[in-house]
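Notes to accompany the following structure.
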Amino acid sequence: MTKQNVVVSDCSSRSGMVTAAASTSALFSPPEALAALGGHIAMSEKKLLKRLEAGGGGVNAWVDSMRDSSPSRIKSTTEKEEQSSWILRHPSALRKFGQIISASKGKQIVMFLDYDGTLSPIVEDPDRAFMSREMREVVRDVARYFPTAIVSGRCRAKVYKFVRLAELYYAGSHGMDIKGPSKSRKCNKGNQAVIFQAATEFLPMIHEAHKALLEKTNSIPGAKVENNKFCLSVHFRCVDEKRWAALAEQVRLVLSAYPKLKLTQGRKVLEIRPIIKWDKGKALEFLLESLGYASSSDVFPVYIGDDQTDEDAFKVLRNRGQGFGILVSRVAKETSATYSLQEPSEVREFLRLLVEWKRLPLHARTIGAVNIQQ
């Protein structure tokens with residue numbers, strides 16, 4: 001992990017937490033350095049940002065990108081063939097469970113989980129993206145055996161409200177706001193031990209942009225602006241496609257006033273966040289470092305996510321040559337993940353198999369992994 005300037009306080013501090021606040025000089029990229037971040041932005045988004053800066057035709061490009069990220073039409077025969085080919089390249093993590101377990105032999109598994117579309121279904125109202133009781137139980141079981149983190153674009157406090165499991169690490173706002181359970185006996189039970197907030201000084205700017213977006217998008221039925229503390233989400237899932245251009249134009253107008261904020265895109269959502277060198281991949285590295293696995297060969301990270309923003313974490317795992325990324329998707333997508341799952345119910349089943357395998361006696365785990373897979 002690239003080292004950042006951080007300030008760390010002892011667990012016995014008044015808050016009972018270890019804190020890390022990244023310096024602006026370490027994380028901030030000025031507008032002219034945006035091109036250097038190209039590797040962290042999908043090709044369609046890079047083209048989109050370039051056209052938006054030029055104005056005019058940028059909105060049409062934006063709408064095209066919004067449409068591409070939200071496929072809804074029936075697949076053609078060619079697309080079905082491409083889907084089959086994609087599945088061969090990114091096989092089901094359920095079918096290959098034994099293979100995954102074999103690769104983790106002798107290593108500490110660390111679980112990283114996205115929330116929306118991974119632990120909960122994608123819903124029209126983002127405030128009602130509740131996880132099922134069965135999912136919560138299996139995530140709790142996973143956390144009993146493996147260090148486990150939720151890594152989400154949502155505000156950390158909101159994700160915690162959905163999940164309600166104190167034993168997890170929580171990385172909200174695309175990893176810009178991280179807390180985790182205390183590992184030290186010096187800390188009182190229940191205290192959160194690790195804090196990392198990468199963009200604190202941007203909070204006033206984000207607050208202003210949030211108010212501006214609320215005002216600008218108020219006239220567009222179905223548009224919803226969500227304040228995720230260190231980033232903003234403009235949901236267009238409930239917006240008529242004929243109004244996407246109008247929505248894109250209003251968001252463009254707001255962004256033009258804040259050159260230190262950038263656009264990224266997810267599943268029927270436009271994400272606005274600071275132009276800093278921080279993402280879900282950086283959050284994964286930070287958490288591994290916090291757990292003592294920064295340069296360890298005995299760790300096996302598994303990251304499960306469904307969104308474009310999860311690709312940063314998948315790339316980190318590929319570059320490290322450790323663990324695997326698992327993409328949750330029903331459709332073929334360009335991805336750096338190794339395996340795939342189709343929906344949250346399959347994620348739950350994968351996590352259940354992982355718990356069952358871990359509960360087996362040590363001598364039976366290799367055989368048990370094969371039996372569980374079948």
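The values are calculated or read from the model by the stated rules, or taken from the named source; none is laboratory data. The model shown is predicted, which means the values in this text are computed figures rather than measured ones. With ideal geometry, Cβ positions are generated from the backbone for all residues, glycine too; neighbour counts draw on all protein chains shown. Ligands, DNA and RNA are stripped out before the accessible areas are found, and what is left, the full protein with its side chains, is counted by its heavy atoms. Shrake-Rupley method; radii C 1.70, N 1.55, O 1.52, S 1.80 Å.
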Q) Which pairs do you get when a residue that is touching a residue at least 24 places away in the same chain (Cβ under 8 Å) and of a type in the set (A, V, I, L, M), found in the range 204-231, comes within reach of a residue that is outside any helix (DSSP H, G or I) and open to solvent by 60 Å² or more (accessible area, probe 1.4 Å), reach meaning Cβ atoms under 7 angstrom, with the pair 6+ apart or on two chains? A) Met205/Lys260
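Conditions tested, residue by residue: (1) open to solvent by less than 40 Å² (accessible area, probe 1.4 Å); (2) out of contact with any Phe, Trp or Tyr (no Cβ under 8 Å at 6 or more places or on another chain); (3) modelled with pLDDT of 95 or more; (4) under 22 Å from Glu82 (Cβ atoms).
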{"site": "Thr309", "(1), (2), (3), (4)": "yes, yes, no, no"}
{"site": "Leu341", "(1), (2), (3), (4)": "yes, no, yes, yes"}
{"site": "Arg348", "(1), (2), (3), (4)": "no, yes, yes, no"}
{"site": "Leu351", "(1), (2), (3), (4)": "yes, yes, yes, no"}
{"site": "Leu360", "(1), (2), (3), (4)": "no, yes, no, no"}
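Scanning the range 152-167 for residues that are free of Cβ contacts under 8 Å to residues at least 40 places away in the same chain and part of a loop (DSSP other than H, G, I, E, B), which turns out surrounded by the fewest Cβ atoms within 10 Å (Cβ to Cβ)?
Residues of the range 152-167 that are free of Cβ contacts under 8 Å to residues at least 40 places away in the same chain, as a first pass: 152, 160-161, 164-167.
The next check asks that each one be part of a loop (DSSP other than H, G, I, E, B); those that pass are 152, 164-167.
On the way: Ser152: 31, Arg164: 11, Leu165: 17, Ala166: 15, Glu167: 14.
Restricting to residues being free of Cβ contacts under 8 Å to residues at least 40 places away in the same chain and part of a loop (DSSP other than H, G, I, E, B), the top hit is Arg164.
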Q. Out of Tyr145, Tyr170, which single residue is open to solvent by 20 Å² or more (accessible area, probe 1.4 Å) and among the hydroxyl-bearing types (Ser, Thr, Tyr)?
A. Tyr145
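Of the residues that make up the range 187-196, is at least one closer than 29 Å to Ala257 by Cα, at pLDDT below 95 and surrounded by 20 or more Cβ atoms within 10 Å (Cβ to Cβ)? Talk me through it step by step, then tell me what you get.
Quick first cut of the range 187-196, residues closer than 29 Å to Ala257 by Cα only: 196.
Restricting the remaining residues to those that are at pLDDT below 95 gives 196.
Those still in the list that are surrounded by 20 or more Cβ atoms within 10 Å (Cβ to Cβ) too: 196.
There is at least one residue in the range 187-196 that is closer than 29 Å to Ala257 by Cα, at pLDDT below 95 and surrounded by 20 or more Cβ atoms within 10 Å (Cβ to Cβ).
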Q) How many of the residues in the range 100-119 are farther than 14 Å from Arg365 by Cβ and surrounded by fewer than 19 Cβ atoms within 10 Å (Cβ to Cβ)? A) 1
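From the list Glu124, Glu137, Glu82, which residue is open to solvent by 70 Å² or more (accessible area, probe 1.4 Å), free of Cβ contacts under 8 Å to residues at least 60 places away in the same chain and of a type in the set (D, E, K, R)?
Working: Glu124 fails: free of Cβ contacts under 8 Å to residues at least 60 places away in the same chain; Glu82 fails: free of Cβ contacts under 8 Å to residues at least 60 places away in the same chain.
That would be Glu137, the only listed residue that is open to solvent by 70 Å² or more (accessible area, probe 1.4 Å), free of Cβ contacts under 8 Å to residues at least 60 places away in the same chain and of a type in the set (D, E, K, R).
Quick one: in the range 314-331, which of the residues that are among the small types (Gly, Ala, Ser) and either touching a residue at least 60 places away in the same chain (Cβ under 8 Å) or assigned to a loop (DSSP other than H, G, I, E, B) (or both) is most open to solvent (accessible area, probe 1.4 Å)? Show your work before the answer.
To start, the set of residues in the range 314-331 that are among the small types (Gly, Ala, Ser) comprises 321, 323, 325, 329.
Now drop any that are not either touching a residue at least 60 places away in the same chain (Cβ under 8 Å) or assigned to a loop (DSSP other than H, G, I, E, B) (or both), which leaves 321, 323, 329.
Numbers: Gly321: 66, Gly323: 16, Ser329: 10 Å².
Ranking the qualifying residues of the range 314-331, first place goes to Gly321.
How many residues does the range 219-243 hold that are in a loop (DSSP other than H, G, I, E, B) and surrounded by 15 or more Cβ atoms within 10 Å (Cβ to Cβ)? First the steps, then the outcome.
To start, the set of residues in the range 219-243 that are in a loop (DSSP other than H, G, I, E, B) comprises 219-223, 228-231, 236-240.
Now drop any that are not surrounded by 15 or more Cβ atoms within 10 Å (Cβ to Cβ), which leaves 220, 223, 228-231, 236-237, 239.
So the answer is 9.
Mind counting the residues in the range 232-246 that are without any contact (Cβ under 8 Å) to a residue 24 or more places away in the chain and not hydrophobic (A, V, I, L, M, F, W, C)? Steps first, answer last, please.
Here is the first cut: in the range 232-246, the ones without any contact (Cβ under 8 Å) to a residue 24 or more places away in the chain are 239-240, 242-243.
Still in the list and also not hydrophobic (A, V, I, L, M, F, W, C): 240, 242-243.
Here the count works out to 3.
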Q | Hits in the range 130-151 (condition: outside any loop (DSSP other than H, G, I, E, B), of a type outside the set (D, E, K, R) and more than 17 Å from the chain's Cα centre (by Cα)) | A | Met135, Val138, Val142, Ala143, Tyr145
Q: Tell me which residues, restricted to the range 197-218, are in contact with a Phe, Trp or Tyr (Cβ under 8 Å, 6 or more places away or on another chain), buried (at least 19 other Cβ atoms within 10 Å of the Cβ) and modelled with pLDDT of 90 or more.
A: Phe202, Ile206, Ala209
Q. From the list Glu349, Glu356, Glu334, Glu311, which one is more than 17 Å from Lys107 (Cα to Cα), outside any helix (DSSP H, G or I) and of a type outside the set (A, V, I, L, M)?
A. Glu334
Q: Mind counting the residues in the range 244-276 that are charged (D, E, K, R) and assigned to a loop (DSSP other than H, G, I, E, B)?
A: 3
Q) Of the conditions (1) more than 21 Å from Glu289 (Cβ to Cβ); (2) modelled with pLDDT under 95; (3) out of contact with any helix residue (DSSP H, G or I) (no Cβ under 6 Å at 6 or more places or on another chain), Ser132 fails just one. Which one is it? A) (2)
Q.
I need every pair where a residue in the range 280-297 that is surrounded by fewer than 24 Cβ atoms within 10 Å (Cβ to Cβ) has its Cβ under 7 Å from the Cβ of a residue that is in a helix (DSSP H, G or I), sequence separation at least 6 or different chains.
A. Glu285/Val316; Ala294/Leu288
